Amino acid sequence: MNSECQKYKEIIADYISGILPDSEVKILQQHLNECKDCSEYASALEKEDKQLSSLFAAIDSDMKTREQKVLESINFPEQKEKSSRTIFQPFIKLAAAAAIVIVVLFGLNKFGNSSIAWADVVEKFQSVEFFSAVFYEKDDALAQPEQIELWMGQGGNVRMRMGPQVIFGQSGNLTKAFDISKRSQAEPDPRAKRMLEMLAGMGGQFSLDTLLKTVSGGKLTNVTPLVNSDAIISEDLVVFDSKLNDIQWMRIWALRESKLPVHLRIWGSRDGYCLEAFITYSNKQPAEFFDPNAFEQVFRQQQDNNKSNIAYAFLTDPGGEDITPKDMFNKSGYHIPIIKQAGITKEGAIWILAGQSRNRMPNGNEFYGFSQMTDNLDRTYIDVGGAWRLGDDTSLNIFLPIDFPFDNRRPSKITLFCEVKEYNPNIKPELVGTIDLTQWDVNAPCPALFGGFTSVLSWKISLAYKFFADEYSEKLSRLVETIPAWREQPDNKNLLQLWIRLSYREKDYAQVINIGQVFVPLLLKNPRESSRYAIEEYLLSLAITGKIDEAAKLFKQIDEIDVLSPRKSEKEPYEQFKRLMVEFMAEKAELELEQLSKIVGFNINQKEEYRNAVERAKNAVVNRKLREAAEKRRQEIADYYKNHPLPEKMELIERSDKKKIYFMNIPNTVPDHEDYKIQSIKKKVKFFVSDLINFNNIQPYDLVPMRVEDVNEEQELNADLIYKEGTSRLEKTEFALNHFGIELVIEDGPSRKVLVAKYNGQSLKDFKDVTAPIPYDGQNQLKAGVMSTGTSRGFTLVEIFDDLARQQNKGIEKDGDKLVIFNETGISFEDGSVSSETAFWPDKEGLELAKKWFNEEFGVTFTEETRPMKTYVIKKRTE
Amino acid sequence: LRLDETKGGNLISAYKQTSIAAYGILVKEHYRTVFALCMGMLGNVHDAEDIAQEAMLKGFQNIDKLDKNELFGAWIMKIAKNLCIDFIRRRKKTNEIASEQKMESNTVTNENHDLQQAIKKLPQELRLPLTMYYFEQKNAKIIASKLEISHSGACQRIRDARKMLHEILTERDEK
């Protein structure tokens, strides 16, 4: 390829893309006919174009399904239409019926001498301060009814709940609507909107006439229900009937003395259509109840996920009963359970039996008994189990010292902790209180109040599972030696399951299979109590050892039984179980697609929901081959250093086959010399430079003036770099470039203003106590200071700072006046997490807020300076 | 696919007035472009699906805030773009944590073997126009208008993307 070709090469891409001007197409085609290199290059690009077209066409083919998913997530598919069909039209009937409630009160009753005059009813209704109505409506005899709740107060205040929506109105105008399930403001249900408009006619006070006229749309004003004396069975109620049309009639129950309607029914004789309304009256609700802004504040509180707390916020019961879990909590608060009995077994386990054990949280969740304990010997205790009995509100907690059963000391005092159990690991448990105990039953067996879990072995099994984390491996080994071998108790399902997991942990797949063969019949003996997931390790071991037929048999065996949890009849959880098993086998056993399909009994490649598994399977096969190549290369390098001295810092060893080695899931260290690492290189000079940018070795971020002088960027290095641990990426790059006689020179460039962050050395808080300045509330998510991400492991200062710098340094290469942010706090990854959340820091407002937050939370301050910027020059080595 | 903003505008009015279902038509009209944008920015079908869905949902929840003079297509693209940026930052954060301990092995795993992985390796400013090029029936003018860049800029990026992709794939083949 000559320089002429280089010029054509530039336009071949345009030619393939169809964007080359016609005038140039002909010239290029002529050149392609004459030049083999360019022709090959064009063919290669054309082939790639076809591959890309095919790839994107494949992705595009699923677009309809994706659209459908979006529509479903927005929740306005057919159900909406269906609901408007079923409820909107009947609501007119419903409203009409409510109106008729009033009309019917003109009737006379055979039980009483007094008549109920319309004027009395109107007057009475006007005097009511507040009423609520609950409507239930169904389309036909077998349909499930839908419920609508309506509250009205004097002054034109209306509040409704319709499905997941809570809707507020004032004098006929809709003020705000909220969707509880989405936790956001919402477009109101059209039915609610219509209903509010109809109620607007009332003006500032209740008016039956207006109500009648409004809700019926003027259609039922002339209806006059008659007393149905046959339907009256007591003196205190008046019953009226009215025929609405040939197929529907209405009945209203009203209180004789108060003249208030309390119940109405519309009935469709043809299909069983039914609308029931129950109307209640009480003293007015607090002002907040009708205030959408007050409701919104409750609504935005992220920590309260209880739908009842939100749906009925500020609603009070006139009889003083609790409406929501929050009401219950406000009355009861938290309490410490009362110790009924405590004991220490002869093995050293401590059990606590407590009454009044249940605590209720404001969000409706419950927790029982005690969460942890300590003693005067400073020992750590592990909660290995517990139970509670709702009947007499009793709980049993069993705690083992962490060195059970090897620590035989006996405490003289124990302290029990009652803590609010939050499911969110980011939230520190709130302490309700502690109890100190100095007396208990000695050498007392644990009471079998809850049907089991009193044997030492069951506690040890539970403790063993707690030790599966790596940091407890020594404790686990020691404990396991005291646990019987699985063959000693082949009927003990829990013991077998523990040994399966232990053997799998040790990668003793043959042993897992041995135990699995005994375990599965036990599992299936009483499947109602067992989990489908219990076969996971057994199935994986069969897959890993290539016993595909046996794995298929096991899967089929499990698949045929419905009652294992999750039940086969529970479609979604069961499908999830299958998907997870396939994904585990794909990844952990590195099976190919055909093998996976054989095990589960269907072609996973043809099922959309298995695409993750398919992708994993494809990757797993590639990864396995790469890993084998890497292992081979590691050994070659180890052999090399048997006869050669290790370099002081680094060394390049060329590869004969020029194939790059990928260290995936295997260490990239030199065997027998673990402080030396291997970096396999197959890279052009220009990519060395881009790697440096990617890994932020050249700071700051986007501002990287770079110059290349007299160097062929296309040169490629094929070799393995052996380097001592701790060597920086910059050093390695310089060393590799040196191989080509190239050097990286860092020059001082023009100066500019920078903002330097420094740390004043103050002690850092527990990261769980540090959150973003403004919590995320679903609305203002892109504003400065609002939480952007939260994790249970927290974020290091480096990460948080990097986040700030990325947002603030955006565009610095174009805007010379923009301050460049430098992190010179000296706080590193090793200092651990400092915050549980990160935030958005856009623009100047974000920077000001960040400065304040960093200072208050971490003692990091920012100072403005002027510094020279670095320019990076790649050029031929001069020496 | 052509964007018909006038139609979009009418639908939004319709939506605001009475019909929730009108948003369904907007979804059908704009989802594909939003997905293409997400795919281009994130380089991954699954992530693109998630973020495109989130964008459409966010559009649905916030449509009241859409200025009457603003075009729905541009507005929803802006939402999607912001969500992608946020997602990339979160993803990057996760990667960086992992890279602390296994920097070397992570470096090599980024270089991959199939076409999708090669596309993923393209810088975002090239991957985005290339992806949209194939989603928008290879029409550089449409891409230019949707990405709010010049036609020649769009052509340049497609050209660069194609060349770099070829280099990556060639590098792969040599392995």
request  = Return the total of residues in segment A:813-871 being touching a strand residue (DSSP E or B) at 6+ places or on another chain (Cβ under 6 Å), free of Cβ contacts under 8 Å to residues at least 60 places away in the same chain and among the small types (Gly, Ala, Ser).
outcome  = 0
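Would it be correct to say that B:Glu136 is at pLDDT 75 or above and either more than 10 Å from chain A (Cβ to nearest Cβ) or in contact with a helix residue (DSSP H, G or I) (Cβ under 7 Å, 6 or more places away or on another chain) (or both)? Walk me through how you get there before you give the answer.
Working: at pLDDT 75 or above: yes; either more than 10 Å from chain A (Cβ to nearest Cβ) or in contact with a helix residue (DSSP H, G or I) (Cβ under 7 Å, 6 or more places away or on another chain) (or both): yes.
Spelling it out, B:Glu136 is indeed at pLDDT 75 or above and either more than 10 Å from chain A (Cβ to nearest Cβ) or in contact with a helix residue (DSSP H, G or I) (Cβ under 7 Å, 6 or more places away or on another chain) (or both).
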ask   = So A:Leu591 fits all but one of (1) closer than 30 Å to A:Ile558 by Cβ; (2) assigned to a helix (DSSP H, G or I); what number is the exception?
value = (2)
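Can you go through A:Asn612, A:Asn603, A:Asn623 and tell me which one is within 12 Å of chain B (Cβ to nearest Cβ), under 30 Å from A:Glu550 (Cβ atoms) and touching a helix residue (DSSP H, G or I) at 6+ places or on another chain (Cβ under 8 Å)? Let's see the steps before the verdict.
On the way: A:Asn603 fails: within 12 Å of chain B (Cβ to nearest Cβ); A:Asn623 fails: touching a helix residue (DSSP H, G or I) at 6+ places or on another chain (Cβ under 8 Å).
Matching residue, one of A:Asn612, A:Asn603, A:Asn623: A:Asn612.
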request  = Provide a single number: the residues in segment A:16-39 that are within 13 Å of chain B (Cβ to nearest Cβ) and exposed (fewer than 12 other Cβ atoms within 10 Å of the Cβ).
outcome  = 1
ask   = Just checking, how many residues over segment A:728-769 are among the aliphatic types (A, V, I, L, M) and over 30 Å from A:Phe795 (Cα atoms)?
value = 6
query = Taking segment A:610-657 as the region of interest, how many residues are in contact (Cβ under 8 Å) with a residue 40 or more places away in the chain, of a type in the set (Lys, Arg) and either farther than 22 Å from A:Lys732 by Cβ or crowded, with 16+ Cβ neighbours inside 10 Å (or both)?
reply = 3
ask   = Just wondering, is there one or more residues in segment A:79-88 that are in contact with a helix residue (DSSP H, G or I) (Cβ under 7 Å, 6 or more places away or on another chain), at pLDDT 50 or above, surrounded by fewer than 19 Cβ atoms within 10 Å (Cβ to Cβ) and at the interface with chain B (Cβ under 10 Å from one of its Cβ atoms)?
value = no
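Scan segment B:126-133 and tell me whether some residue there is at pLDDT below 85, aromatic (Phe, Trp, Tyr) and in a helix (DSSP H, G or I). Walk me through how you get there before you give the answer.
Restricting attention to segment B:126-133, the residues satisfying the condition of being at pLDDT below 85 are B:126.
Applying the additional criterion that residues be aromatic (Phe, Trp, Tyr) yields none.
Scanning segment B:126-133, I find no residue that is at pLDDT below 85, aromatic (Phe, Trp, Tyr) and in a helix (DSSP H, G or I), so the answer is no.
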task = Return yes or no: is A:Ile352 crowded, with 21+ Cβ neighbours inside 10 Å and touching a Leu at 6+ places or on another chain (Cβ under 7 Å)?
result = yes
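Out of everything in segment B:39-63 that is among the small types (Gly, Ala, Ser), under 12 Å from the mean Cα position of the chain (by Cα) and facing chain A (nearest Cβ under 10 Å), what residue ends up being surrounded by the most Cβ atoms within 10 Å (Cβ to Cβ)? Please lay out each step first, then the result.
Going residue by residue through segment B:39-63, those that are among the small types (Gly, Ala, Ser) are B:40, B:43, B:48, B:52, B:55, B:59.
Pick out the ones that are also under 12 Å from the mean Cα position of the chain (by Cα) and you get B:40, B:43, B:48, B:52, B:55.
Restricting the remaining residues to those that are facing chain A (nearest Cβ under 10 Å) gives B:48, B:52, B:55.
Working: B:Ala48: 25, B:Ala52: 29, B:Ala55: 26.
The qualifying residue surrounded by the most Cβ atoms within 10 Å (Cβ to Cβ) is B:Ala52.
Which residue out of A:Asn397, A:Asn359, A:Asn408, A:Asn363 is open to solvent by less than 70 Å² (accessible area, probe 1.4 Å), assigned to a loop (DSSP other than H, G, I, E, B) and among the polar types (S, T, N, Q)?
Going through A:Asn397, A:Asn359, A:Asn408, A:Asn363 in turn, the sole match is A:Asn363.
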inquiry  = Can you tell me which condition B:Lys102 does not meet? The list is (1) surrounded by 17 or more Cβ atoms within 10 Å (Cβ to Cβ); (2) at pLDDT below 80; (3) more than 7 Å from every other protein chain (Cβ to nearest Cβ), and all the others hold.
reply    = (1)
Every residue from segment B:24-38 that is at the interface with chain A (Cβ under 7 Å from one of its Cβ atoms) and within 20 Å of B:Gln137 (Cα to Cα) = B:Val27, B:Lys28, B:Tyr31, B:Arg32, B:Phe35
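Among A:Asp378, A:Asp407, A:Asp441, which is more than 29 Å from the chain's Cα centre (by Cα) and on the phi > 0 side of the Ramachandran plot? Let's see the steps before the verdict.
On the way: A:Asp407 fails: on the phi > 0 side of the Ramachandran plot; A:Asp441 fails: on the phi > 0 side of the Ramachandran plot.
Step by step, each of A:Asp378, A:Asp407, A:Asp441 is checked, and only A:Asp378 is more than 29 Å from the chain's Cα centre (by Cα) and on the phi > 0 side of the Ramachandran plot.
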task = Hey, could you check segment A:658-678 for residues that are assigned to a loop (DSSP other than H, G, I, E, B) and open to solvent by 40 Å² or more (accessible area, probe 1.4 Å) and say which is farthest from the other protein chains (Cβ to nearest Cβ)?
result = A:Asp672
key: Considering residues of segment A:143-173 that are closer than 16 Å to A:Tyr312 by Cα and of a type in the set (D, E, K, R) only, the residue nearest to the chain's Cα centre (by Cα)   = A:Arg161
message = What's the total number of residues in segment A:735-751 that are out of contact with any helix residue (DSSP H, G or I) (no Cβ under 9 Å at 6 or more places or on another chain) and modelled with pLDDT of 85 or more?
response = 3
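Among the residues of segment A:731-746, which ones are among the hydrophobic types (A, V, I, L, M, F, W, C) and open to solvent by 40 Å² or more (accessible area, probe 1.4 Å)?
Here is the first cut: in segment A:731-746, the ones among the hydrophobic types (A, V, I, L, M, F, W, C) are A:735-737, A:740, A:742, A:744-746.
The answer is A:Phe735, A:Phe740, A:Ile746.
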query = Of all residues in segment A:241-297, how many are farther than 21 Å from A:Tyr312 by Cβ, small (Gly, Ala, Ser) and surrounded by 18 or more Cβ atoms within 10 Å (Cβ to Cβ)?
reply = 3
ask   = Consider A:Lys578 against the criteria (1) surrounded by 19 or more Cβ atoms within 10 Å (Cβ to Cβ); (2) touching a residue at least 24 places away in the same chain (Cβ under 8 Å); (3) within 27 Å of the chain's Cα centre (by Cα): it satisfies all of them except one. Which criterion is unmet?
value = (2)
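The values are calculated or read from the model by the stated rules, or taken from the named source; none is laboratory data. Everything quoted here is computed from the prediction, not taken from an experiment. Backbone-built Cβ (ideal geometry, glycine too); neighbour counts: all protein chains shown. These area figures cover heavy atoms from the full protein model, side chains too; ligands, DNA and RNA do not enter into them. Shrake-Rupley method; radii C 1.70, N 1.55, O 1.52, S 1.80 Å.
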